[in-house]
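Okay, structure first, notes after.
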Amino acid sequence: MISMLERIPALSGAAVLLCVFSAHASPDRPDQAAIASPHPIATAAGQEILVDGGNAFDAAIAISATLAVVEPYGSGLGGGGFFLLRQSGEPVQYQFLDAREKAPLKSKPKMFHRKGIVQPDLSLNGPLAAAIPGLPAALVELAERYGRLPLSISLAPAIRVAYRGFKVDSVYRERANWRLFALRNNKESARLFLRNNEVPNLGEVITQPELAQTLERLGDKGRAGFYSGLVAQALVSGVRRAGGIWNYHDFEEYEVVTRAPLRFQMADQRELISAPPPSAGGIALAQSLSMLQQLPWRESENIQRAHYVIEALRRAYRDRVLLGDPDFVPNPVAQVLATDYLLQLTTSIDPHRATPNNILPPAPRWREGENTSHFAVLDTEGNAVTATLSLNLPFGSAFTVPGTGVILNDEMDDFAIDPKGQGGAAFTSIHPNALEPGKRPLSSMSPSFIESPRSLAAFGTPGGSRIPSMVLLSMLKYLDDQPISSWTSTPRYHHQYTPDVVEYEPGTFTEQELIDLRERGYALKETARDFGNQQVLMWHKNNARVEAASDPRGIGVSTTFKPDAALKMMRSCAGQSCLP
Ligand code: GLY
């Protein structure tokens, strides 16, 4: 297979445009493909697969698997995620692949308690923290039901990078530093991801031959290459030897679930298509957008606009305590999206004062992880994927199973394992998200489209509980007809009902604006650093033009290109690097 990874070295943080205008504009098809991903090598892997005749679903496999290699802190075969799919055709179809990890069958509600007290270390670090992975099953599902290429071909770029290695970048260093203690505590993780027990220097090469072999098995044998046979044996015995509770039944019974996406009609013939439970994100977005639609946010100045957004978020985040895995608990989706209810929420917003939380019903506490990964891809047929993948904290549980190269998630911490709420917990919940064997923990991951007869826009970001607020701020830029670069660069602020605090990135508000917010009754907290890593794209159906953007906070790369033209250009360069 032609390798484009070596041939597209010039992709950079800025969007690369090979062709921006088509004489054959059609509302059915974009004239270009587009990719936005958080890592240049993953973007190049998706581009390679599209150029080689794959569709957006094949490219999504290549991007996900390559992210598993180059972002071992963000996502991987030991984790899970949500894929929102758009299949072109008449009519267009949307599917939501739920590849969220599931609690092992031997889980017990108090498995993270010792002497009656929750031990956060147990649900965050090491093998007990890990739920049964879903990403490998999702890659198989994408290839078998939606892709055009064999799985082994779509996985080839990731396998190549795992064998040859990738260079340590600034994001890798920052995440490894954050999790240095946990990585040092696991011999295999330290061997693979550190150098002499320290964070590797910029430019050092990380190779992962064991992970390459695991990917090869997955490519050759499909589901059986991961969920049974040698890999499953190594995973189960490695976890059990280290004190974990996985067994073979967990692997036999793990299935990706295809769910109906959350769909919500907006003004101007727009529709939000987003993540349903077990994500709380789509509902929070639909509620917030609905409230804001009834408020004059667009014509308001900066602080009045922020006030409306914060109050919408306060109300939307409050309701997430009602949600959990729909295979275990009923979710009151219709009730929280009912027109009358949303109107009631909107009219309770005072345009000048923060609403005290104590006039809203109280809720118990729980906490969510901070790190994930997100990408979006569109092909020239109009198929599209927007996907958020996760291990939970950076480098997940920091536990790598020897012989497999697979670093495991710590999504068990996303359950409401501490109903009384201890430590720095941010959320509250007792029942719907309680830990049960075989259950999926509630998530904030919110891969979303907004589609209308005029355009298709894709949104998403990592960032734990802040995901829905970040996606909302992006969507408001889109609704305000702002350039796509501003969807990712816009300064971020966040409110999640409890704690009753507005968090904001450094530089989001001026001194005068902060005074104004305090006078309205808000408690404010500047975050230590910026947050999120949005990857977005937009197809303008009137002229078939396509745009994409990667968050300037990360090292991601967006690209728009004509796969045929890119292939011709590669051939005319006789295999040498010649793309811009
Ligand atoms: N672990 C992050 C999330 O699922 O939202």
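Looking at Val140 and the list (1) surrounded by 20 or more Cβ atoms within 10 Å (Cβ to Cβ); (2) within 23 Å of Gly463 (Cβ to Cβ), which single condition is not satisfied?
It is condition (2) that Val140 fails.
Among the residues of region 303-358, what is the count of those that are basic (Lys, Arg) and farther than 28 Å from His431 by Cβ?
Counting residues in region 303-358 that are basic (Lys, Arg) and farther than 28 Å from His431 by Cβ gives 2.
Looking only at region 219-234, which residues are out of contact with any Pro (no Cβ under 6 Å at 6 or more places or on another chain) and part of a helix (DSSP H, G or I)?
Correct list: Gly219, Asp220, Lys221, Ala224, Gly225, Tyr227, Gly229, Leu230, Val231, Ala232, Gln233, Ala234.
Name the residues in region 291-304 that are free of Cβ contacts under 8 Å to residues at least 60 places away in the same chain and either among the charged types (D, E, K, R) or surrounded by 24 or more Cβ atoms within 10 Å (Cβ to Cβ) (or both), would you?
Met291, Glu299, Glu301
What's the number of the condition Arg259 fails, among (1) under 30 Å from His494 (Cβ atoms); (2) more than 16 Å from the ligand (Cβ to nearest atom); (3) of a type in the set (Lys, Arg)?
(2)
For every residue, the table says whether it meets (1) small (Gly, Ala, Ser); (2) within 16 Å of the ligand (Cβ to nearest atom); (3) in contact (Cβ under 8 Å) with a residue 60 or more places away in the chain.
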position: Ile450; (1), (2), (3): no, no, yes
position: Pro453; (1), (2), (3): no, no, yes
position: Leu456; (1), (2), (3): no, no, yes
position: Thr461; (1), (2), (3): no, yes, yes
position: Leu472; (1), (2), (3): no, yes, yes
position: Leu479; (1), (2), (3): no, no, yes
position: Ser486; (1), (2), (3): yes, no, no
position: Pro499; (1), (2), (3): no, no, yes
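Please name all residue pairs, on different chains or six or more residues apart, with Cβ atoms under 7 Å, provided the first residue is in region 526-555 and is outside any loop (DSSP other than H, G, I, E, B) and the second residue is among the aromatic types (Phe, Trp, Tyr).
Going by the 7 Å Cβ cut-off, the qualifying pairs are Glu526/Tyr504; Gln535/Phe375; Val536/Phe459; Val536/Trp487; Val546/Trp539; Ala549/Trp487.
Mind checking which helices (runs of 4 or more DSSP H) fall wholly inside region 95-205 and carry at least 2 residues that are of a type in the set (Val, Ile, Thr) and away from the ligand (no atom under 16 Å from the Cβ)?
151-164
Being more than 10 Å from the ligand (Cβ to nearest atom) and either farther than 19 Å from Val118 by Cβ or at pLDDT below 95 (or both) narrows it down to one of Gly369, Gly405, Gly396, so name that one.
The conditions single out Gly405.
Is one or more of the residues making up region 13-31 polar (S, T, N, Q), within 30 Å of Asn542 (Cα to Cα) and at pLDDT 95 or above?
Looking through region 13-31, none of the residues is polar (S, T, N, Q), within 30 Å of Asn542 (Cα to Cα) and at pLDDT 95 or above.
Do we find a residue being free of Cβ contacts under 8 Å to residues at least 60 places away in the same chain, under 21 Å from Arg466 (Cα atoms) and touching a strand residue (DSSP E or B) at 6+ places or on another chain (Cβ under 7 Å) anywhere in region 341-355?
no
Does Gly438 satisfy the criteria of being under 20 Å from Pro104 (Cβ atoms), surrounded by fewer than 24 Cβ atoms within 10 Å (Cβ to Cβ), away from the ligand (no atom under 15 Å from the Cβ) and modelled with pLDDT of 95 or more?
So Gly438 fits the description; yes.
Residue under question is Tyr172, and the condition is that it be within 26 Å of the chain's Cα centre (by Cα) and over 30 Å from Gln95 (Cα atoms); does it hold?
Judged against the criteria, Tyr172 is a match.
Go through region 57-85 residue by residue and tally those that are over 27 Å from Leu393 (Cβ atoms) and within 17 Å of the chain's Cα centre (by Cα).
3
Test Ser465 against the criterion of being within 16 Å of the ligand (Cβ to nearest atom) and either without any contact (Cβ under 8 Å) to a residue 60 or more places away in the chain or not in a loop (DSSP other than H, G, I, E, B) (or both), and give yes or no.
yes
The values are calculated or read from the model by the stated rules, or taken from the named source; none is laboratory data. Here the structure is a predicted model, which means the values were calculated and not measured. Quick reminder, even Gly has a Cβ in these numbers, built from the backbone with ideal geometry, and neighbours come from all protein chains shown.
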